[in-house]
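Only one structure is covered here, and it is reproduced in the block below.
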Amino acid sequence: PLGPVPLQKEHQLQFQMMEAAHQHLPVSADSERMRQFLPRNPYPTPLYYPQHPLSNSDTFEFFNRLSIETLFFIFYYLEGTKAQYLAAKVLKKQSWRFHTKYMMWFQRHEEPKVINEEYEQGTYVYFDIEKWGQRKKDGFVFEYRYLE
Amino acid sequence: LGFDLTALGLNLNATDSLYPSFGGPWGEGPVRAEDVEFPVPQEYNIS
Amino acid sequence: FDDSQGLVEKSEMLFREWIRLYVTQGSPRDSNKAFASFIHDLNASGILKSDDIITRFFRVCIQFCVSQVYQGLQAAKASLPSTPLVRTKCYQSVDALVRLVALLIRHIGDNSTTQPKINLLNKFLGIVAGLLIQDHDIQKQDFQQLPFHRLFIMLFQDLNQSDPVFDTIGTQILAGFSNILHILSPLKVSGFVYAWLEIIGNRTFIARMLALAADHKCWAMYCQLLLDLFKFLQPYLRNADLAKPVATLYRGTLRVLLVILHDFPDFLCDYCYHFLDAIPPNCIQMRNLVLSAFPRNMRLPDPFTANLKFEMLADTAVAPRVLLNVGGMIQPAKFKADLESYLRTRAPVTFLSELRTNLQVSNEHGTRYNIPLLNALVLFVGTQHINAIRTRGQTPSMSTIAHTSHMDIFQNLAVDLDTEGRYLFLNALANQLRYPSSHTHYFSLVILYLFAHSNTEVVQEQITRVLLERLVVNRPHPWGLLVTFIELIKNGAYKFWAHEFVHCAPEVIKLFESVARSCM
């Protein structure tokens, strides 16, 4: 029973501006932080590949089953995400420890020779991101104050 | 009559809140998991 | 105006240097090191010498980001910033500027006083807004929202990371952004409307405004922003001409409302009255969406339960929160005084006959009545009536609501108004049919009472139309609407199926039967 109400001139002007803006709607990237290693335009993969994250893929259990290289990959390339957090959590569970000075993960290779209040010294394994593999470091002094 | 509101790309039956992964008014679905900021320790600023 | 000699060039050079530092030093999330060195350059070049120069510096930086987009488009001979290069360059310079501003806010003044930080934030937001409006007016249909959109949303994200310094001014940050977005409302800057809705519909913005701010401190601000959106949409939705740009905006609005309905139903419950005044009466689905919200801690009985005893539900003793100053909306004061007097003493006797003139604002069809006033009147009379019945130690029922000055007013509105006015009046009643509450129960009774006791079929038919049009749209449907309609068609006292308008055409019969089937 109300019937239409004719648009006034100002509405028509507004509509023209809206229509022009409609030609270039914001895209999701406009509101997202730039991520160095996560391009916005995903590479098209064959459709028989999984196209969406697996349903339980953001859980600790799922990450617990990933390989050590994958965990390091996620940690170093998915900065500031839950995935990075979960990868770190699993690494810790597997006795890796993050050294904030070198920003690298270390794991005891053997019982350290020296352990005191401030540090422990011994042979450690670390993950070399340059060579993308594990290396061994003798006599490394692991200072607790750099323990994340 | 009207939109089928269940077909606007939102899981209205979800028990969790929708807003943390909401892809915005123009999105078709939730935001990418890797876009959602997660409070990680400052030390993890690797790049 | 009156930039001092060389200031623009110097500012631009400094900004380019900062962008370089931002990109090469630190990470997209941490530029403290770069800032530590750059702040000395800023200081040495006199940019920080005065408030005015800082303002001009910001303006130059923002203009740099904006003109970069237009130049990029020209170079690409494109009118759309779809070219990745234009976007990426814009992101980089805008993100760098945002980071610089965030760090300046973080470090300005000392930690004991927050005012300099708030001032700087509002200053910067004001400059962006000013340039946006200017650009919008100059560029007209060539206006590009991208740099402004990203400036706002990335600054909001930077300032809302968990950071002890920003946490101390958390509420002022939200107030600053709400205020500037209200100033840049779609009615004012229609070419920015999609970016604007993208900002207020952004998950971080929603999280901060509706979920994380303590004590719902920002709900009123968010309500204001939604009202800005509804008011812009109103003339287009009112005519139901959903041209593509409007349809896109409407769909986006529904997506945001659905998230709010799902995650923050109490917000919609609290501000429902504000929204109903701004949503056009013929925009049925969006209004249903708002009316369907019910408090998160409420268990809703199944409206289709056979023999549902509405009046026995514990919630019918509880009134919904009304954050609107309903009484204050009834103007002019004399009308309000007469109304209260009539409710009390049924005097002045001319009140009822003057009711319509008080509500009418024009003679043009479709806009004759002051809808917010009519809505307020209905809600005011209803709440007064419920209180009057309670003070008599009774509860609202078909018998206790009858033969009162309150019902006089409702019956007068039902009979005396023309079709348009009656439609709006019945809508105002139906707008109260929400989740179980004393209002839903009472107004359900009023609608059924008017149906049962009206002596003209016109009123009964229109009551049916108003209820039916709310039921035949896609879900959601408010609980109170379902319960009222089921009662109307099931309770033989209303002789619903005996009315001629139920059988006036085969498709109408079919419609009623399918609705009845789904309701029963």
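With a Förster radius of 51 Å, plug the Cβ-Cβ distance of residue C:497 and residue A:47 into 1/(1 + (r/R0)^6) and report the FRET value to the nearest 0.05.
Efficiency, from the Cβ-Cβ distance: 0.40.
So what J values fall out for the stretch C:292-301 if you push phi through Karplus, 6.51 cos²θ - 1.76 cosθ + 1.60 with θ = phi - 60°, rounded to Hz, Gly and Pro as x?
These are the phi-based 3J(HN,Hα) values: 7, 5, 9, x, 4, 8, 9, 9, 8, x Hz.
Residue by residue through C:246-253, how many Cβ atoms from other chains fall within 10 Å of the Cβ on average?
Partner Cβ neighbours, averaged per residue: 4.
Starting from the coordinates of the alpha-carbon atoms of the protein assembly as shown, obtain the Kirkwood hydrodynamic radius over all distinct pairs and give the value in Å to one decimal.
Answer for the protein assembly as shown: a Kirkwood hydrodynamic radius of 29.4 Å.
Using only Cα atoms, find the angle between the long axis of helix A:68-77 and the longest principal axis of chain A, and express it within 0 to 90 degrees, rounded to the nearest 10.
In chain A, helix A:68-77 runs at an angle near 50 degrees to the longest axis.
For the stretch C:193-306, state what percent of all Cα-Cα pairs lands in each successive 10 Å bin, counting from 0 Å until the bin that includes the largest distance.
With a bin width of 10 Å, the distribution comes to 13, 46, 30, 10, 1.
Just to check, using Stokes-Einstein with a Kirkwood Rh over alpha carbon pairs, what's the diffusion coefficient of chain B at 10 °C and 1.306 mPa s in µm²/s?
D, rounded to a whole number, is 122 µm²/s.
For a 32 Å ceiling on Cα separation, which of these pairs sit above it: C:10/C:140; C:117/C:188; C:10/C:123; C:123/C:336; A:82/C:49; C:10/C:188?
Pairs exceeding 32 Å: C:123/C:336; A:82/C:49; C:10/C:188.
Which order do the peptides B:23-31, C:430-438 take when ranked by the mean count of other beta-carbon atoms within 10 Å per residue, highest first?
Highest to lowest by the protection proxy: C:430-438, B:23-31.
Can you give the three extents of the C-alpha atoms in the stretch C:381-520 along their principal axes, from longest to shortest, in whole Å?
Per principal axis, max minus min of the Cα coordinates gives 48, 30, 27 Å.
Can you tell which of A:26, A:80, A:14 lies farthest toward the positive end of the dipole of chain A, using +1 and -1 charges on the Cβ of basic and acidic side chains (Lys, Arg; Asp, Glu)?
A:80
What number do you get for chain C when its Cα radius of gyration is normalised by 2.2 N^0.38 Å, N = residues?
Expressed relative to 2.2 N^0.38 Å, the Cα Rg reads 1.19.
Mind checking which lysines have their Cα closer than 30 Å to the Cα of residue C:309? Skip sequence neighbours fewer than 8 apart in that chain.
Those lysines meeting the cut-off are C:490, C:495, C:510.
Relative to the Cα centre, what is the charge dipole magnitude of chain A, using +1 at the beta carbon of each Lys and Arg, -1 at the beta carbon of each Asp and Glu, and rounding to the nearest 20 debye?
With Lys and Arg at +1 and Asp and Glu at -1, about 200 debye.
Given bins 10 angstrom wide, list per bin the percent of all Cα-Cα distances in the stretch C:133-172, short to long.
26, 34, 22, 17, 1
Determine, for each peptide in C:38-50, C:145-157, C:242-254, the mean count of other beta carbons within 10 angstrom over its residues, then list the peptides with the highest first.
C:145-157, C:242-254, C:38-50
Using mean Cβ contacts within 10 Å as the protection proxy, how do C:398-408, A:1-11 order, highest first?
Ranked from most to least packed, the peptides come out as C:398-408, A:1-11.
Across every pair of different alpha-carbon atoms, what Kirkwood hydrodynamic radius in Å does the stretch C:103-192 reach?
Result for the stretch C:103-192, one decimal place: 13.9 Å.
Could you tell me how many degrees, from 0 to 90 and to the nearest 10, lie between the Cα long axis of helix C:32-44 and the main elongation axis, the longest principal axis, of the Cα atoms of chain C?
That helix lies at roughly 70 degrees to the long axis.
For the pair residue C:133 and residue A:9, how long in nm is the line joining their label points, each one 7 Å along Cα→Cβ?
Rounded to a tenth, the inter-label distance reads 2.1 nm.
Across peptide C:200-210, what mean number of C-beta atoms from other chains lies inside 10 Å of a residue's C-beta?
That average works out to 5.
Please express the shape of the stretch A:15-148 as an equivalent ellipsoid: the semi-axes are the square roots of 5 times the eigenvalues of the C-alpha gyration tensor, given largest first in whole angstrom.
Sorted largest first and rounded, they come to 42, 18, 13 Å.
Let's test this: bin the Cα-Cα distances of the stretch C:1-119 at 10 Å from zero up to the farthest pair and state each bin's percent.
12, 40, 34, 12, 2, 0
Among C:449, C:436, C:466, whose Cα projects farthest towards the positive end of the dipole of the stretch C:376-520, with charges put on the beta-carbon of Lys, Arg (+1) and Asp, Glu (-1)?
Of the listed residues, the answer is C:436.
Using the C-alpha gyration tensor of the stretch C:189-241, what are the square roots of 5 times its eigenvalues, in whole angstrom, with the largest one first?
In descending order the semi-axes read 25, 13, 8 Å.
Amide H of residue C:30 versus every other amide H placed in the peptide plane: which residues, excluding those fewer than 5 positions away on the same chain, fall under 5 Å?
The list, which skips near neighbours in sequence, is empty: none.
Assign unit charges at the C-beta atoms only (+1 for Lys and Arg, -1 for Asp and Glu), then state the dipole size of chain C relative to its Cα centre in Debye, rounded to the nearest 20.
660 debye
May I have the extent of the alpha carbons of the stretch C:1-45 along their three principal axes, as whole Å values ordered from largest to smallest?
Principal extents (Cα only, largest first): 37, 17, 13 Å.
Can you give the local net charge around residue C:88? Use residues other than it whose beta-carbon is closer than 15 angstrom to its beta-carbon, Lys and Arg +1, Asp and Glu -1.
Net charge around residue C:88: +3.
Taking θ = phi - 60°, what integer Hz values does the Karplus form 6.51 cos²θ - 1.76 cosθ + 1.60 yield along the stretch C:395-410, in sequence order, with x for Gly and Pro?
Here the 3J(HN,Hα) series is 10, x, 7, 4, 7, 6, 8, 7, 6, 10, 4, 5, 5, 3, 5, 5 Hz.
On average, how many beta carbons from a partner chain sit within 10 Å of the beta carbon of a residue in A:34-40?
4
At 7 Å along the Cα-to-beta-carbon direction for both residue C:168 and residue B:45, put a label point, then send me their distance in nm to one decimal.
Label at residue C:168, label at residue B:45, 2.0 nm between them.
Placing one identical point scatterer on every Cα of the stretch C:51-151 and ignoring solvent, what is log10 I(q)/I(0) from the Debye formula at q = 0.14, 0.17, 0.18, 0.22 Å⁻¹?
Reported log10 I(q)/I(0), two decimals: -0.56, -0.77, -0.84, -1.13.
To the nearest 0.05, what FRET efficiency results for residue A:95 and residue A:37 with a Förster distance of 30 Å applied to their C-beta separation?
It comes out at approximately 0.65.
How much net charge surrounds residue C:58 when only the other residues with a Cβ under 13 Å from the Cβ of residue C:58 are counted, with Lys and Arg +1 and Asp and Glu -1?
-1
Can you give the charge dipole size of the protein assembly as shown about its Cα centre, rounded to the nearest 20 debye, using +1 on the beta carbon of Lys and Arg and -1 on the beta carbon of Asp and Glu?
Magnitude of the dipole: close to 340 debye.
Could you give me the radius of gyration and the Dmax of the stretch C:442-520, taking only the C-alpha atoms into account and expressing both in angstrom?
Calculated on Cα positions, Rg and Dmax stand at 11.8, 34 Å.
Taking amide hydrogens as modeled 1.01 Å from N in the peptide plane, which residues meet the under 5 Å criterion relative to residue B:22, leaving out close sequence neighbours?
Answer set, sorted by chain and number: B:31.
Using Cα atoms only, what is the angle between the long axis of helix C:457-471 and the major principal axis of chain C, expressed in degrees (0 to 90) to the nearest 10?
Approximately 40 degrees, to the nearest 10.
Give me the lysines in straight-line cross-link reach of residue C:89: C-alpha distance below 19 Å, same-chain residues under 8 apart excluded.
Leaving aside lysines fewer than 8 places away in the same chain, those within reach of residue C:89 are C:77.
Could you check how many percent of all C-alpha pairs in the stretch C:356-402 are farther apart than 18 Å?
The answer is 46 percent, as a whole percent.
Which of the listed residues, C:327, C:132, C:294, is farthest toward the dipole's positive end in chain C, when Lys, Arg count +1 and Asp, Glu count -1 at the beta-carbon?
C:294
Bear in mind that the values in this text are calculations on the coordinates, not laboratory data. All values reported here derive from a predicted model rather than from experimental measurement. Note that each Cβ is placed from the backbone with ideal geometry, even for glycine, and that neighbours are counted across all protein chains shown.
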